[in-house]
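Each remark here refers to the structure printed beneath this line.
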């Protein structure tokens with residue numbers, strides 16, 4: 001169960017990071033609310049997962065999922081340029097996250 005919560009928390013990290021960018025310094029209400037809710041849920045899920053899983057592994061997986069999804073969304077939406085090298089590097093992060101799960 002901790003792994004499922006951790007993965008969902010990593011996805012929520014990407015949600016709050018993207019909402020933070022769209023909030024324009026907390027001047028837009030809807031993205032600011034999404035940021036706050038996403039942040040609270042993401043942190044709560046990370047804290048829950050860390051009760052069972054090692055701290056280092058939990059944090060690495062959480063950050064890896066959040067970072068990979070945030071940049072993937074930015075590339076797909078056109079707010080960040082995409083290149084083969086960037087995609088391969090993001091896939092490397094995903095591979096490392098999977099590796100941490102397999103080795104656990």
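A short reminder: the numbers here are calculations on the coordinates, not readings from a lab. Since the structure is predicted, the reported quantities are computational estimates derived from the model, not experimental observations. A quick note on method: Cβ atoms are made from the backbone with ideal geometry, for glycine too, and the neighbour counts reach across all protein chains shown.
Between residue 94 and residue 55, what FRET efficiency comes out of the Förster formula 1/(1 + (r/R0)^6) with R0 = 25 Å and r the beta carbon distance, rounded to 0.05?
Approximately 0.75, to the nearest 0.05.
Can you pull the one-decimal nm distance between simple spin-label points at residue 101 and residue 77, each 7 Å off the Cα toward Cβ?
The two pseudo-label positions are separated by 2.4 nm.
Against the globular-protein guess of 2.2 N^0.38 Å, express the Cα radius of gyration of region 56-104 as a ratio, rounded to two decimals.
1.21
Below 8 Å between Cα atoms, with a sequence gap of 6+, how large is the relative contact order for region 2-103 in percent?
After rounding, I find 32 percent.
Using a 7 Å offset from the Cα along the Cα-to-Cβ direction at both residue 63 and residue 87, what is the distance between the two label points in nm, to one decimal?
Each label point lies 7 Å from its Cα, and together they span 2.7 nm.
In whole Å, what are the extents of the chain along the principal axes defined by its C-alpha atoms, from largest to smallest?
41, 34, 17
What residue among 57, 79, 18 shows peak mean-square fluctuation when the chain is described by a Gaussian network model with Cα springs under 10 Å?
79
Only counting other Cβ atoms within 10 Å, I'd like 80, 13, 24 sorted with the fewest neighbours first.
By the 10 Å Cβ count, ascending: 24, 80, 13.
Does anything in region 16-53 have its amide N under 20 Å from the 7 Å Cα→Cβ label point of residue 8, and if so which residues?
Only 16-19, 34-53 pass the distance filter.
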